[in-house]
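First up is the structure itself, then whatever we jot down about it.
The values are calculated or read from the model by the stated rules, or taken from the named source; none is laboratory data. None of the values given here were measured: they were computed from a predicted structure. Here the Cβ is made from the backbone with ideal geometry for all residues, glycine too, and neighbour counts use every protein chain on show.
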Amino acid sequence: MTTSSKSTLAQGTIVNGRWRGGRYMIQRLLGQGANGVVYLVKQMDSAKLYALKMGFDTVDIQSEINVLKALQRQSHRRGGAGRDLSYLVEVDDYSLQGREISFYVMRYVKGDPLRSFLAKRGKPWLGIAGLHLLRQLRQLHEAGWVFGDLKPENVLVSPYGEVELIDYGGVSGIGRSVKQFTEWYDRGFWGAGGRTADPSYDWFSFAVVCVHLLAEEPLKRAANQLPQTRSYNDLIAIIRSDPALGPYRGWLERAVSGQFHDTSDACQCWRELVIAPLGRRKPRSKTPRWMLGAFALALTLLGCALYLTLGF
Ligand SMILES: Nc1ncnc2c1ncn2[C@@H]1O[C@H](COP(=O)(O)OP(=O)(O)OP(=O)(O)O)[C@@H](O)[C@H]1O
């Protein structure tokens with residue numbers, strides 16, 4: 001049905017859906033990955049903004065669409081619980097110079113990739129963002145799926161730390177093989193287990209994402225070793241010794257060794273370690289006033305986000 005295209009479309013191009021008649025005007029390129037290209041588009045009828053992904057390869061994009069549709073059906077059956085029903089908006093084909101290109105339209109997520117979010121807001125915000133991310137994974141796991149290709153670029157974070165997973169191309173049914181992964185976050189790469197899709201595969205990737213964001217240099221050194229010397233023990237050694245990982249140490253060690261009962265348990269443990277420091281903060285002495293002000297503002301923002309996230 002479809003051939004692939006790696007060229008990008010210019011701003012102002014109208015994408016006409018061949019079968020469903022939807023019309024979308026390209027506003028700008030949002031990003032391009034291995035599987036496709038994603039544009040910010042305006043729906044012509046409603047003037048609403050969406051993200052539109054065109055696949056390079058029909059089979060890959062179709063499997064992504066199938067997962068999103070299955071998640072939507074599951075959510076319908078559960079009366080709206082689970083994956084947001086409004087995420088997948090439309091699926092269609094676009095004719096371009098005699099070729100058919102499959103595309104889907106999804107909610108436009110206004111946010112920063114996890115790494116830029118933390119660079120802007122500060123490393124302590126990993127607590128909030130991580131909790132939102134684990135809740136998303138819990139929903140997915142409870143519905144019978146594993147995300148698979150979890151990495152910082154696939155996590156978009158809103159200014160208050162709410163998280164949206166993007167790129168469902170790596171999602172697999174529990175019990176199947178993980179179909180798409182990225183080396184550093186892959187359990188097999190570290191000799192820490194197989195590539196069967198089970199919730200612990202995502203816990204492992206989530207833990208390496210945290211190590212990557214907080215202790216990048218030692219992770220890079222360990223990952224760059226020869227495959228025959230690189231091992232799960234290198235990860236454990238970093239987790240046990242790197243000071244930046246201190247607050248998360250216990251959780252990370254359990255995650256890389258798959259020691260949670262389920263993802264609900266993983267969420268609960270993470271929630272506890274996010275709450276714990278709140279009772280321990282003391283005002284500092286001899287600190288310039290402007291710094292106290294900035295610190296108070298940052299704490300207030302983090303506090304508001306915590307309040308909204310944890311629902312005190
Ligand atoms: N719903 C969305 N809202 C906003 N931006 C998005 C959305 N979906 C994707 N993007 C942007 O487009 C980029 C590419 O999207 P995506 O990761 O789905 O492509 P891919 O080809 O599957 O990538 P990969 O090579 O990581 O598999 C993302 O990094 C992100 O910046």
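At a glance:
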{"quantity": "Verdict on residue 69 being basic (Lys, Arg) and within 15 Å of the ligand (Cβ to nearest atom)", "calculated": "no"}
{"quantity": "Filter result (more than 19 Å from residue 172 (Cβ to Cβ) and within 16 Å of the ligand (Cβ to nearest atom)) within the stretch 133-152", "calculated": "152"}
{"quantity": "Residue in the stretch 227-244 that is of a type in the set (Val, Ile, Thr) and assigned to a loop (DSSP other than H, G, I, E, B) present", "calculated": "yes"}
{"quantity": "Identity of the residue in the stretch 168-192, in contact with an Asp or Glu (Cβ under 7 Å, 6 or more places away or on another chain) and of a type outside the set (A, V, I, L, M, F, W, C), that ends up surrounded by the most Cβ atoms within 10 Å (Cβ to Cβ)", "calculated": "168"}
{"quantity": "Subset of the stretch 92-105 [in contact (Cβ under 8 Å) with a residue 60 or more places away in the chain and within 16 Å of the ligand (Cβ to nearest atom)]", "calculated": "101, 102, 103, 105"}
{"quantity": "Which listed residue, of 102, 116, 95, is in contact with a strand residue (DSSP E or B) (Cβ under 9 Å, 6 or more places away or on another chain) and in the same structural domain as residue 152 (by TED's automatic domain parsing)", "calculated": "116"}
